[in-house]
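Engineer: Sharing a structure here in structure tokens format.
Bear in mind that the values in this text are calculations on the coordinates, not laboratory data. Bear in mind the structure is a predicted one, so any value in this text is a computation, not a measurement. Note that we place each Cβ from the backbone using ideal geometry, even for glycine, and neighbour counts take in every protein chain shown.
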Amino acid sequence: MDNQANSSGASSFTSAMNLDQQGVSFIPQRYVLPPSQRPNIIHHHDEHVLPLPIIDLSNFHDQSRRYQIINEIRNACKEFGFFQVINHGIDESAINEALKAAEEFFNLPHDEKMCLFSDDVHKPVRYGTSLNHARDEVFCWRDFIKHYSHPLPDWIHLWPSNPPSYRKNMGNYAEAVQGLQNKLMEMIFESLGLNPSYLEEEVNGGSQLLAVNCYPACPEPELTLGIHPHSDYGSITVLLQTRSGLEFKNKNNNWEAVPLVEGGLVVQLGDQMEVLSNGVYKSVIHRATVNVDKKRFSIVSLHSFAMDKKIGPAKELVDDNHHQLPKCYNEFSFREFLQFISNNDITKERFLDTLKIMK
Ligand code: OGA
Ligand code: NI
């Protein structure tokens, strides 16, 4: 694979890190959102039936404990579309080393990062800024490096070779999260009343895309976002954040912060899970805010079924006897999603909406 800066977009490229390093005291107009889309400074404190869910995964092999965990997962998925997990089995040191590799990568000189720059969403490894720098009308205050990660030996040689510890440290973390997602998928399937080994091969052999995000300090955080509202395309996403900033849209259509849980990981449902569950679970719409004083990092592990695997509603969850809903979604593959985002502005139209079957 070539390591050349790719495509015409490179000449007009400014990273959020560059702006931060220049010490700008205003954000450029290109980053300013229309007033209705700006983050609220006053957060809603909506009353829910349930508190924001934090699920303790310790002893999940224990049968009665597992039953409880699956109930908590079901409630969280129905009410919020996400939950946080603690005692998830991933070592603190693996997490810290991955975060250190991320920080060192973004601290590299601009030109070195630009060797991995691409606007092409099909590239297996790419450095970029905003959501889709080639299409975004309003930029968001984020730089990222994204790379496929599973199975690791297929991809790791394409990852950044600098900082020298990047491949090893990010690789360890990626493998640990892939193991965790296998467990989580079993439990989520079980919570839907499916066999825990449902689509086992496709889950184990699916795709894992790591999005390593850097949100530099921003002089005017009330005018812009770190990432625009979206839902993730895949089955589940496992997200690690170094400070709060992640927000989700609740059932009343209000934005709420996902609090930082020390040592915790956020598990979000993606579009494939909404489709597979025939809408019993919904993918969570989320965004990230930025802040004035400190960089924020996140490592986002986006899991999905294999690139060309078509995912439709599980036949066990589609009904003709009126106990369950009729089929509500058309099937889609990850490749079809990529095609959609390279041709459309996802801040204007959701991919998932194109799959809904209107009755
Ligand atoms: C993403 C994402 C949010 C965050 O990368 O898909 O939603 O907090 N990131 O970084
Ligand atoms: Ni996301």
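Engineer: Just grab the label-to-label distance for ALA306 and LEU338, each label 7 Å out from Cα along the Cβ direction, in nm (one decimal).
Structural biologist: Between ALA306 and LEU338, the label points sit 1.4 nm apart.
Engineer: Next up: Rounded to the nearest 20 Debye, what is the dipole magnitude of the chain about its Cα centre when Lys and Arg each give +1 and Asp and Glu each give -1 at the C-beta?
Structural biologist: With Lys and Arg at +1 and Asp and Glu at -1, about 380 debye.
Engineer: Cα atoms only, the stretch 30-162: Rg and Dmax in Å?
Structural biologist: When restricted to the Cα atoms of the stretch 30-162, Rg and Dmax are 20.0, 55 Å.
Engineer: Which of the listed residues, LEU276, PRO160, ASN40, is farthest toward the dipole's positive end in the chain, when Lys, Arg count +1 and Asp, Glu count -1 at the beta-carbon?
Structural biologist: Positive-end residue among those listed: ASN40.
Engineer: Same structure again: Between the stretch 131-186 and the stretch 60-130, what is the C-alpha centre distance in whole Å?
Structural biologist: Each part reduced to its Cα centre gives a spacing of 8 Å.
Engineer: Here's something else I'd like to know. As a quick test, which of the pairs LYS78/LYS294; LYS146/LYS295; LYS168/LYS348; LYS78/LYS168 have an alpha carbon distance above 29 angstrom in this structure?
Structural biologist: With Cα atoms farther than 29 Å apart: LYS78/LYS294; LYS168/LYS348; LYS78/LYS168.
Engineer: Please report, in Å, the Rg and the Dmax of the stretch 166-317, where both are computed over Cα atoms only.
Structural biologist: Calculated on Cα positions, Rg and Dmax stand at 16.2, 51 Å.
Engineer: Once you have the alpha carbon radius of gyration of the stretch 16-355, what is it after dividing by 2.2 N^0.38 Å, with N set to its residue count?
Structural biologist: Ratio of Rg to 2.2 N^0.38 Å for the stretch 16-355: 0.96.
Engineer: With +1 on the Cβ of every Lys and Arg and -1 on the Cβ of every Asp and Glu, and nothing else charged, how large is the dipole of the stretch 95-146 about its Cα centre, in debye rounded to the nearest 20?
Structural biologist: 160 debye
Engineer: Within a 10 angstrom radius of the beta carbon, how do TYR173, TYR31, TYR67 rank from fewest other beta carbons to most?
Structural biologist: With the sparsest Cβ surroundings first, the list reads TYR67, TYR31, TYR173.
Engineer: Pairs of alpha-carbon atoms within less than 8 angstrom and 6+ residues apart define the contacts here; what relative contact order does the stretch 16-355 have, in percent?
Structural biologist: Relative contact order for the stretch 16-355 comes out at 20 percent.
Engineer: Sticking with this one: Where does the Debye-calculated log10 I(q)/I(0) of the stretch 290-359 sit at q = 0.19, 0.21, 0.25 Å⁻¹, using only Cα point scatterers of equal weight, no solvent?
Structural biologist: -0.92, -1.01, -1.16
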